[in-house]
Amino acid sequence: MLTFSDLPALTGGTLLQAGPEGVAIHQLLLDSRRIGQPSGALFFAIRGAQHNGHRYLPDLYRRGVRLFVVDRLEEVPGELGAYPDAGFLMVANSLAALQAVAAYHRRQFRIPIFGITGSNGKTIVKEWLAQLLSADDLICKSPRSYNSQVGVPLSVWELNSTHTLGIFEAGISERGEMVRLAQVLQPNLGIFTNLGTAHDAGFASPQEKVAEKMRLFAEVDTLFYCRDHEAVHLAARQLLPEHRTFTWSRFHPHDAHVAVTIAEASADRTVVHIAIAKPLPQEHTFTLPFADEPSVENALHGLAVLLWRQVPAAEIQRRLDRLTPVAMRLEMKQALNDCYVLDDTYNNDLAGLTLALDVLTRQPRRGRRTLILSDVLESGLPASELYARVATQLAIHKVERLIGIGPEISQHQALFQGIEQTFFAKTEDFLTNFYPDQFQHETILVKGARRFGFERIVAAFQQKIHGTVLEVNLDALVHNLNYYRARLAPGTKLMVMVKAFAYGSGSYEVANLLQFHRVDYLAVAYADEGVELRQHGISLPIMVMNPSPDSFQKMQQYHLEPEIYSFERLREYLRVSHDQPLPAIHLKLDTGMRRLGFAEEDIAELSAMLRENAARLRVASMLTHLAGADEAQHNDFSRQQLAAFQRMTPTLEAAIGYTVLKHALNSAGILRFPDAHFDMVRLGIGLYGVEATGENQEALRPVSSLRTTISQIKTLPAGQTVGYGRRGQAVEHERRIATLAIGYADGYNRRFSNGVGTVVVREQRAPIVGNVCMDMCMIDVTNIPGAQSGDMAIIFGEAMPLPELAQRIGTIPYELLTSVSERVKRVFFAE
Ligand SMILES: *Cc1c(COP(=O)(O)O)cnc(C)c1O
């Protein structure tokens, strides 16, 4: 048992306040949103590039957390006296302290621990190794790809006395990081997967990168690797004597412990021939249930470990047969009756369950939170304790309805008090009793171990999502958010534009993610959009850019803050009910856009009006908008606009007697006018993956991808025309014409007719033939011989960049994004 008073010795820190006595530390906490049981949770205030844990101390304290590790006393909000009865440990570096505590925990276990690193395949090798060894051991493994400076300590913390084996991955992006992970993990076995070019920027040379990664293995008894990766081999040889390695090879059969020959490769499996020379010569043939190169390599690492453990060949084959692909992400899918399904059907251990529940609680409120859960496997705990822990997790994450499937969970149903519950012994029983009407407007996490076949449940839930889909990659969105955040000086606030259905991407899902990532403000165009966000649980401040007077009452009710751009609007706003306070306003100043806003000559009158109504009217911010922020040719004009803004705002601030947030820049402006970020910036199109200046497009990741399917393919003899008005003109040769399930009513502009647009099928471009119709259009797939009905066709996305597509019809990406019709299903992806 580890208590707070043990920490000074472990971390070299100083106790500033002793805190509650004798409480066993049971959770290492880094994120105030993940508090489980507050007593016994130890919070590390870690500072990162865009984040400072010290800021959350008051919130954590209010919610019952009493043990804190800090490294900047001056950044603790308030005096220590504001946290009576809390323990405070002052350390040189909170992250290092977290690692020291995890390293101590690791030292309590004398079991084999695998450390896995390499450029690609770490997570899959880890998951597969766990699948291959689960018959022999009770395994503790990193959840998903928790392999960073904080992920590794949190993973190791999960070790308990029932585990007989640990399998953890470690990933680094710069020099010096691996030594710290090695100290936490202390692996006695290692796997080096391979070496690619990821993170090259953090290292002086590829040699340095491989040597740095290799440091994870300095103390291992045995390192497994593929001899064919020359750089890995050289580095391993330098670090370890041969008897501490176990290698496999396809191309150097005499210089490896295991010689591998690919005997046969078909569409979905690979037959390998294995020869081992020592200690006794033996040969075997195994079938791997995969055909692609990376999967074969990943599986061979696992196979090498099984051979080294001398598992009998027949048993090895049985285990290989059961290897299943690893889903790397948790998918959110739109389902029937306005439900959403979070699909996590590939494994089910306790750590994975907790992570998936975190994702569930992050989703916008949409009726009940439901969990469909199979028996939890490989926990190493007695069943009664295991399900008691599961029940605690469900309570923490406010799950309201549980559907348990499996003999074990059914036996322990008494533990799940206070939530609606149903249990089934088998997945089949659930499916035979499944009536869609039992599920309405709820978010349903489907979490099951592979053997329960929960993908059948997900399929039952999903509306037939064929036809046209807009896929929204939430990870890409966060990447883009962080790209812009990194360009802001500390303290600069960020307003994100979620107008027009979040530029077509789906407003609550995006708003919810932004709320989770703690942006400061949201902005919408109309009051109704703001009301929708509020109704879906968005509590961030929201600015409404174009509020109509008849919506002012509603805005008051929902705490939506209007942009006020004219005297007329201001007078109307002041007429709204006096019963409640008015939400603060945002003053729009017109400095050259000539659209909405007060002009410079209005400032005196405006100042007077603000002064008169000071008792009722609070100003939250003043803003202006540049007319040509994205183009250098307008730089002088933009500078004049900014100068006008800086002339107008001090007068207004003097009139009201306090300072307010001032902001002027959109996505393009953020990059082009770093000296004019003022107090806040307004991020729009950049978040959605389009870099408006066109100069840094590679730094952003595309967020949405519009795709559809081929409904039918016809072979047309020479001389036939295609579609309405016979506009798809006859040609002199035979062609194959495919009909797509998308038309202008879905947002595929009619101007793409007759070869102006192209779509991507099987990674090749195919031109539009004839006119785009209301619900369909036709493409020529003559040069894509494999194309068949049911194939996916990408309208835009990574393979067909939005800026290029927009240019073809003389418009801008903004228009294409926002014109995808609401009848097109949105499918969101998140980790
Ligand atoms: C839409 C909008 C933005 C965001 O513009 P982007 O070019 O999409 O970044 C900023 N400010 C105002 C006033 C807007 O209307």
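The values are calculated or read from the model by the stated rules, or taken from the named source; none is laboratory data. All values reported here derive from a predicted model rather than from experimental measurement. Here the Cβ is made from the backbone with ideal geometry for all residues, glycine too, and neighbour counts use every protein chain on show.
Some points to look at:
- First in segment 271-297 and in the same structural domain as Leu129 (by TED's automatic domain parsing), second anywhere and outside any strand (DSSP E or B) and of a type in the set (Ser, Thr, Tyr), Cβ under 8 Å, 6 or more apart: Leu288/Ser295; Ala291/Ser266; Glu297/Thr193
- Taken together, the residues in segment 728-744 that are in a strand (DSSP E or B) and aliphatic (A, V, I, L, M) amount to 3.
- Checked against the criteria, Ile812 does not count as of a type in the set (Val, Ile, Thr), outside the structural domain of Glu631 (by TED's automatic domain parsing) and under 22 Å from Pro767 (Cβ atoms).
- Condition check for Asp321: buried (at least 20 other Cβ atoms within 10 Å of the Cβ) and either touching a strand residue (DSSP E or B) at 6+ places or on another chain (Cβ under 8 Å) or of a type in the set (Val, Ile, Thr) (or both): no
- Pairs meeting the criteria (first residue in segment 693-714 and without any contact (Cβ under 8 Å) to a residue 60 or more places away in the chain, second residue surrounded by 15 or more Cβ atoms within 10 Å (Cβ to Cβ), beta carbons under 6 Å, at least 6 apart or on different chains) are Lys714/Ile737.
- Just one of the numbered conditions (1) among the small types (Gly, Ala, Ser); (2) within 16 Å of the ligand (Cβ to nearest atom); (3) farther than 30 Å from Arg616 by Cα is not true of Ala741: (2).
- First in segment 237-250 and in the same structural domain as Ala304 (by TED's automatic domain parsing) and assigned to a loop (DSSP other than H, G, I, E, B), second anywhere and surrounded by 20 or more Cβ atoms within 10 Å (Cβ to Cβ) and basic (Lys, Arg), Cβ under 9 Å, 6 or more apart: Arg250/Arg227
- Test for Gly669: is it within 11 Å of the ligand (Cβ to nearest atom) and either in the same structural domain as Arg611 (by TED's automatic domain parsing) or surrounded by fewer than 22 Cβ atoms within 10 Å (Cβ to Cβ) (or both): yes
- Residues of segment 649-666 satisfying the condition of being touching a helix residue (DSSP H, G or I) at 6+ places or on another chain (Cβ under 7 Å), of a type in the set (A, V, I, L, M) and away from the ligand (no atom under 16 Å from the Cβ): Leu652, Ala655, Ile656, Val660
- Ala643 vs. criteria surrounded by 18 or more Cβ atoms within 10 Å (Cβ to Cβ) and out of contact with any Lys or Arg (no Cβ under 6 Å at 6 or more places or on another chain): no
- Summed over segment 607-653, residues that are closer than 26 Å to Leu560 by Cα, hydrophobic (A, V, I, L, M, F, W, C) and in a helix (DSSP H, G or I) total 6.
- The listed residue being among the hydrophobic types (A, V, I, L, M, F, W, C), within 35 Å of the chain's Cα centre (by Cα) and under 19 Å from Leu817 (Cβ atoms), out of Ile768, Ile742, Ile779, Ile784: Ile742
- Members of segment 167-177 found to be crowded, with 23+ Cβ neighbours inside 10 Å and either out of contact with any Gly (no Cβ under 9 Å at 6 or more places or on another chain) or at pLDDT below 95 (or both), listed by number: Gly171, Ile172
- Being at pLDDT below 95, away from the ligand (no atom under 16 Å from the Cβ) and part of a helix (DSSP H, G or I) is a property that Gly725 has.
- Checked against the criterion of being surrounded by fewer than 20 Cβ atoms within 10 Å (Cβ to Cβ), in the same structural domain as Met648 (by TED's automatic domain parsing) and more than 16 Å from the ligand (Cβ to nearest atom), the candidates Ala620, Ala627, Ala604 yield just one match: Ala604.
- Output for segment 679-704, where each listed residue is away from the ligand (no atom under 12 Å from the Cβ) and surrounded by 22 or more Cβ atoms within 10 Å (Cβ to Cβ): Val703, Ser704
- Here Leu373 clears all of (1) assigned to a loop (DSSP other than H, G, I, E, B); (2) crowded, with 17+ Cβ neighbours inside 10 Å except the condition numbered (1).
- Tally of residues being within 16 Å of the ligand (Cβ to nearest atom) and either surrounded by fewer than 19 Cβ atoms within 10 Å (Cβ to Cβ) or at pLDDT 90 or above (or both) across segment 506-529: 13
- Residues of segment 404-422 satisfying the condition of being surrounded by fewer than 21 Cβ atoms within 10 Å (Cβ to Cβ) and part of a strand (DSSP E or B): Glu420, Gln421, Thr422
- Among the residues of segment 429-483, those that are closer than 21 Å to Phe516 by Cβ and among the β-branched types (Val, Ile, Thr) comprise Thr443, Ile444, Val472, Val478.
- Of all residues assigned to segment 777-793, at least one qualifies as being at pLDDT below 95, outside the structural domain of Gln334 (by TED's automatic domain parsing) and crowded, with 22+ Cβ neighbours inside 10 Å.
- Test: residue in segment 455-475 that is surrounded by fewer than 21 Cβ atoms within 10 Å (Cβ to Cβ) and within 14 Å of the ligand (Cβ to nearest atom): no
For (1) buried (at least 20 other Cβ atoms within 10 Å of the Cβ); (2) under 30 Å from Ala449 (Cβ atoms); (3) among the β-branched types (Val, Ile, Thr), each residue gets a yes or a no:
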{"position": "Val65", "(1), (2), (3)": "yes, no, yes"}
{"position": "Leu73", "(1), (2), (3)": "no, no, no"}
{"position": "Tyr83", "(1), (2), (3)": "yes, no, no"}
{"position": "Ala97", "(1), (2), (3)": "yes, no, no"}
{"position": "Ile116", "(1), (2), (3)": "yes, yes, yes"}
{"position": "Leu133", "(1), (2), (3)": "yes, yes, no"}
{"position": "Tyr146", "(1), (2), (3)": "yes, yes, no"}
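- Test: residue in segment 752-772 that is buried (at least 17 other Cβ atoms within 10 Å of the Cβ) and of a type in the set (D, E, K, R): no
Table: residues versus (1) more than 26 Å from Arg534 (Cβ to Cβ); (2) modelled with pLDDT under 95.
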| residue | (1), (2) |
| --- | --- |
| Val576 | no, yes |
| Pro581 | no, yes |
| Asp590 | yes, no |
| Ile603 | yes, no |
| Ala615 | yes, yes |
| Ala620 | no, no |
